C-alpha cells in the first residue's frame, strides 16, 4: 500500500467517525444545543440521498466508485460503506464545522441560526466549496478525474452530460459536476437549521 492510499483511508475514516465522538462529548459538557443532533442527522440524510448514494453506486449514467478507484481503496473502504463514510464526513466534518465558522463570523451570537444572515452564510459557502475543491484535488483526484463519469444525482442535476472542466492543477482536474452538490446543499442546510431552531423548545436551548 502506498502512502497516498493510506492517507486517503485515514482521512476518510477520521473525518467520518471522529465527529460521532466529539459531538456527543461536547453536548454532555453543555457546549452544544440539542438542535445540533437534528442538524447532524438532517445533513447526513441530505448528503446521502442528494448525491453520495448516487455517486457511490453509479445509479444513473455514471460508474460506481469501485470502478473509478483502485482495488486497494475498495478493499479498505468497501463500496457498501463508502456512501456512509462520505455522508458522515459531509454531515460532521464539513457541515458542523461550517456551522461553527458561521457562529464565529457572527460574533459567537446564536441568532445566526434563527434568521438568515448573509455574511455568515457566505462564510459557510466558501468553506463548503473550498474544502470540496481540496478534496477533489488532493484526496479523491483519481476517482473524480475526467473520463470517470459520476452518476446523475438530485443535487448534481446536470449529471455527466454537462460537466465542463473548471480548471486543472498539477494535472489534477476540477469539474463542474463535482462542485454542484456543495453549491446547492448549503442553502438547504441553512434554511433547514433556521426552521429547526425556531421550532425548538426553551428547554432544548
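Computed values, structure above
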item: Subset tally (residues that are touching a residue at least 40 places away in the same chain (Cβ under 8 Å), under 19 Å from the mean Cα position of the chain (by Cα) and either surrounded by fewer than 17 Cβ atoms within 10 Å (Cβ to Cβ) or more than 22 Å from residue 11 (Cβ to Cβ) (or both)) for the range 157-174; result: 1
item: Residue among 32, 99, 73 that is assigned to a helix (DSSP H, G or I) and over 27 Å from residue 146 (Cβ atoms); result: 99
item: Among (1) part of a helix (DSSP H, G or I); (2) over 17 Å from residue 132 (Cβ atoms); (3) without any contact (Cβ under 8 Å) to a residue 40 or more places away in the chain - the single one residue 49 does not satisfy; result: (3)
item: Residues located in the range 54-64, provided they are at negative phi and surrounded by 19 or more Cβ atoms within 10 Å (Cβ to Cβ); result: 54, 55, 56, 62
item: Candidate set from the range 1-46 (those that are closer than 24 Å to residue 158 by Cα and free of Cβ contacts under 8 Å to residues at least 60 places away in the same chain); member that is surrounded by the fewest Cβ atoms within 10 Å (Cβ to Cβ); result: 45
item: Evaluation of residue 195 against (1) touching a helix residue (DSSP H, G or I) at 6+ places or on another chain (Cβ under 6 Å); (2) without any contact (Cβ under 8 Å) to a residue 24 or more places away in the chain (one fails), failing number; result: (1)
item: Every residue from the range 134-149 that is within 16 Å of the chain's Cα centre (by Cα) and within 23 Å of residue 49 (Cβ to Cβ); result: 135, 136, 139, 140, 144
item: Within the range 68-82, considering residues that are free of Cβ contacts under 8 Å to residues at least 40 places away in the same chain and surrounded by fewer than 21 Cβ atoms within 10 Å (Cβ to Cβ), the one farthest from residue 139 (Cα to Cα); result: 80
item: Candidates 129, 150, filtered to the one that is touching a residue at least 12 places away in the same chain (Cβ under 8 Å), assigned to a loop (DSSP other than H, G, I, E, B) and out of contact with any strand residue (DSSP E or B) (no Cβ under 6 Å at 6 or more places or on another chain); result: 150
item: Any hit, the range 167-188, residues being more than 24 Å from residue 57 (Cβ to Cβ) and assigned to a helix (DSSP H, G or I); result: yes
item: In the range 132-147, the residues that are touching a residue at least 40 places away in the same chain (Cβ under 8 Å), crowded, with 17+ Cβ neighbours inside 10 Å and assigned to a loop (DSSP other than H, G, I, E, B); result: 140, 143, 144
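Taken together, the values in this text are just the output of simple stated rules run on the coordinates, not laboratory data. Keep in mind that this is a model prediction, so the values were computed, not measured. Every residue, glycine among them, receives a Cβ derived from its backbone with ideal geometry; neighbour counts consider all protein chains shown.
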